[in-house]
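Colleague: One structure is given below, represented as structure tokens, and several questions about it will come after.
The values are calculated or read from the model by the stated rules, or taken from the named source; none is laboratory data. Here the structure is a predicted model, which is why all the values come from computation and not from measurement. Here Cβ is always computed from backbone atoms with ideal geometry, including for glycine, and neighbour counts include all displayed protein chains.
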Amino acid sequence: MFSIPATIILFPLIVLFIFGVYFVIVYNSLVSLKVKVKEAWSGIDVQLKRRTDLIPNLIETVKGYASHEKEVFENVTKARSALMGATNPSQAQEANGMLTSALKSLFAISEAYPQLRASENFTNLQNELSDTESKISYARQFYNSVVRDFNSKIVMFPSNLIASTLGFKQEVFFEANEEEKQPVKVQF
């Protein structure tokens, strides 16, 4: 009778076991990074929501001094609505750029009204908005670093084989558009 040595049977089983363990480790790390990306996006979303919550009060304050600037108020309101309706980073990025541009126009109006600039309510809203802009920047940096890690894991060999097999896709960075790269002028 023909006998198969134990090493011939054990070697493929050991290799298969090692591959299985590696597969589970890579899969779990991809899932973990994907959850971190969602968490980081949530951080940006919270700050963008905070920003949109400040805008109605800011508009009402400016309206009290410059009620004839209807077009600017409408632009800010449209941009705010677009940001609130954004469902993914790309849409939020575009809407955030529109809102930044509209807010610059709103703050430009304030320069023509010294009484408005002297208003304590307006000053407080500007401070809150400035603080929120800083928080958005930090949240964006965190999000982009997590996305970088996730995207790197997806494209690096051999984890890219597992990622593509399981349908993991690269995430989009939250980048500033040209308008946002210009500093927001907050003048007191």
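Colleague: In the list 52, 77, 61, which residue meets the criterion of being free of Cβ contacts under 8 Å to residues at least 24 places away in the same chain and either at positive phi or touching a helix residue (DSSP H, G or I) at 6+ places or on another chain (Cβ under 9 Å) (or both)? Walk me through how you get there before you give the answer.
Modeller: Numbers: 52 fails: free of Cβ contacts under 8 Å to residues at least 24 places away in the same chain; 61 fails: free of Cβ contacts under 8 Å to residues at least 24 places away in the same chain.
Answer to the check: 77.
Colleague: Still on this structure, I have one more. Inside the stretch 102-134, can you point out the residues that are part of a loop (DSSP other than H, G, I, E, B) and charged (D, E, K, R)? Don't jump to the end; show me each part of the working.
Modeller: Of the stretch 102-134, the ones part of a loop (DSSP other than H, G, I, E, B) are 111-113, 119.
Across the stretch 102-134, the qualifying residue is only 111.
Colleague: Counting only residues that are within 13 Å of residue 62 (Cβ to Cβ) and β-branched (Val, Ile, Thr), which one in the stretch 73-118 is surrounded by the fewest Cβ atoms within 10 Å (Cβ to Cβ)?
Modeller: The extreme case among them is 77.
Colleague: With the structure loaded, tell me whether residue 46 is at pLDDT 95 or above and surrounded by 10 or more Cβ atoms within 10 Å (Cβ to Cβ) or whether it fails that test.
Modeller: Values: at pLDDT 95 or above: no; surrounded by 10 or more Cβ atoms within 10 Å (Cβ to Cβ): yes.
No.
Colleague: Can we say residue 15 is in contact (Cβ under 8 Å) with a residue 12 or more places away in the chain, farther than 30 Å from residue 145 by Cα and not basic (Lys, Arg)?
Modeller: no
Colleague: Right, another one. Can you go through 67, 32 and tell me which one is within 26 Å of residue 137 (Cα to Cα) and of a type in the set (S, T, N, Q)? Don't jump to the end; show me each part of the working.
Modeller: Numbers: 67 fails: within 26 Å of residue 137 (Cα to Cα).
Matching residue, one of 67, 32: 32.
Colleague: If you take the residues in the stretch 69-95 that are closer than 17 Å to residue 171 by Cβ and part of a helix (DSSP H, G or I), which one is nearest to the chain's Cα centre (by Cα)? Can you show your working first?
Modeller: Initially, the stretch 69-95 is screened for residues closer than 17 Å to residue 171 by Cβ, giving 86-94.
Then keep just the ones that are part of a helix (DSSP H, G or I); that gives 89-94.
Working: 89: 6, 90: 9, 91: 10, 92: 8, 93: 8, 94: 11 Å.
Among those that are closer than 17 Å to residue 171 by Cβ and part of a helix (DSSP H, G or I), it is 89.
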